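Bear in mind that the values in this text are calculations on the coordinates, not laboratory data. Small disclaimer: the values here were computed from a predicted structure and weren't measured. Every residue, glycine as well, gets a Cβ built from its backbone with ideal geometry; the counts of neighbours run over all protein chains shown.
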Amino acid sequence: MTSEELRALDKAHVWHPFTQMRDWNAPEYEPLVIVGGRGSVLTDADGHTYLDGNSSIWTNIHGHAHPKIVQAIQNQAARLAHSSFLGLTNEPAVRLAKKLTALFPPGSLPRVFFTDNGSTAIEVALKMAVQYNQLEGRPEKCRFAAFQGAYHGDTAGAASLGGIEMFHGRFTSLSFPVMRIATENDLAALDAETIRSLAGIIIEPLIQGAAGMRLHPPGLLRTLREWCDRHDVFLILDEVMTGFGRTGKMFACEHEEVIPDFIALAKGLTGGTIPLAATLTSEKVFSAFLGDYAEMKTLFYGHSYCGNPLGCAAALASLEIFETENTLEALQPKIVLLGELLRDMADNEPHVGDVRQCGFIAGIDVMTKKGVPYPWQKRTGARVCEAARRHGLLTRPVGDTLVLMPPLCFTEEELTQAVGALRAGLREVCGG
Ligand SMILES: Cc1ncc(COP(=O)(O)O)c(C=O)c1O
């Protein structure tokens, strides 16, 4: 099919996520049809190439079509693409579970529950936390605290935790009530009864992604860990975005040497190839669910594709690449360069307000002038990204915050090019 035919069929039949479909279907709009990816570069059906500036919605780690991951998926597909994980097991899932638990201090998070995506990784943590407390004879401990501006996914439970009015406000009738906190001081203000009702506190460690790459204050994770220990409340870390090297360490929680009670992993788990998620927890949680079948302690939760062998084989290959290519070590100078490029942009571009960096993640606020935002309806961030496309960069903003979150394999040259494309796009849309 030609790209024209594909575009026409897409407009006739497909409904895209987080997309105003009237704009998409407008005759003058020509969506890109992506046909290939290799390393840091994506190719469209018309033969144009683009740097993948947001790691294909924050998923890709080692670049597209990494030969080791491709080979692992091909080998596994030839053997077994899928079999049920309900009552059966498979080798890639078993091996991956062992490998994931070994990424944390011995014995700390030895139990792994596989699901399909970031939202379901959160859902199962919530259900485990609630059921655990029921099994321990304190069913009143069933509420959750989450941060303002949080984003934990779009399924109803995960969305209940979300604190972004634009995404979550419309669905409050489907949501369970959540205690909303902005800072650690809000915890100090909670009364004893409220604390007794809390099953867990959930946080995106170090940085909130969908809120616009907002950094949490240093030390917050440590403080939360201590508070949760004092009050017998679970600490749930959502490392769906931050996991697998994005922040410069394998997991964001390592920066503050914090071990959570639950950690949710997805996006980068398979190197950004196949949908797969994992929720890790402690032996204490796991063992509370053990008993005679008739005691009804079983966790009645699961999805058809839990433990999918293709995803697990891809994840194993991705973790192996971290070791063989010294991915995290190679990343450190690129993180330093990203910082320099961002500072230069903030100092010299009149339409850049704040810039924020956490490892290999950057958020750049577009403003009419320092401190004065554009009206959000003008979609300035989106228009800057559309312009950056013409300079060879694909990325997607969060509101008027430009996001640069490339695959960890980006070279220094690609990083410099990507920031150059953003600056060129910015000048085209906002002026010099
Ligand atoms: C921090 C965080 N948690 C959860 C999710 C939801 O993941 P998914 O889109 O795979 O359901 C996202 C997605 O962007 C995320 O950034």
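Of the residues His216, Gly272, Ala77, the one whose Cα sits farthest towards the positive end of the charge dipole of region 67-324 is Ala77 (charges of +1 on Lys and Arg Cβ, -1 on Asp and Glu Cβ, taken about the Cα centre). Working from Cα pairs under 8 Å separated by at least six residues, relative contact order for the chain is 21 percent. Compute the distance from the alpha-carbon center of region 1-79 to that of region 83-157, in whole Å. Here the answer is 30 Å between Cα centres. Packing, as the average of other Cβ atoms within 10 Å across residues, places the peptides 218-225, 255-262, 135-142 in the order 255-262, 218-225, 135-142, highest first. Sorting the segments 280-290, 17-27, 235-245 by their residues' average number of neighbouring beta-carbon atoms within 10 angstrom, most packed first, yields 235-245, 280-290, 17-27.
Think of the chain as a dipole: +1 on every Lys or Arg Cβ, -1 on every Asp or Glu Cβ, centred on the Cα centre; then among Thr380, Ala159, Gly307, Ala159 lies furthest on the positive end.
Using Cβ point charges alone (K and R +1, D and E -1), the dipole size of region 67-324 about the Cα centre works out to roughly 500 debye. Each peptide among 2-9, 121-128 gets the average number of other Cβ atoms lying within 10 Å of its residues, and from highest to lowest they stand as 121-128, 2-9.
The spread of Cα positions in the chain, taken along each principal axis and listed from longest to shortest, comes to 65, 56, 45 Å. The residue list Phe114, Gly47, Pro205 was ranked by how far each Cα lies along the charge dipole of the chain toward its positive end, using unit charges on Cβ atoms, and Phe114 comes out on top. Here the Kirkwood formula, the inverse mean of 1/r across different C-alpha pairs, assigns region 116-230 a hydrodynamic radius of 14.6 Å. Quick one: go through region 127-170 and flag any residue whose amide nitrogen is under 13 Å from the point 7 Å out along the Cα-to-Cβ line of Met179. Taking a point 7 Å out along Cα→Cβ of Met179, the residues of region 127-170 whose backbone N falls under 13 Å are 141-147. For Gly36, the residues 5 or more places off, or on other chains, whose built amide H falls under 5 Å of its own are Thr43.
If only the Cβ of Lys and Arg carry +1 and only the Cβ of Asp and Glu carry -1, the dipole of the chain around its Cα centre is close to 320 debye.
Think of it as helices only: each DSSP H run of n ≥ 4 in the chain is worth -39500 (n - 2.57), and spread over all residues that comes to -11500 deg cm²/dmol at 222 nm. Shown in residue order for region 332-341 are the 3J(HN,Hα) couplings computed by the Karplus curve 6.51 cos²θ - 1.76 cosθ + 1.60 at θ = phi - 60°: 4, x, 6, 5, 5, 4, 4, x, 5, 5 Hz (x for Gly and Pro).
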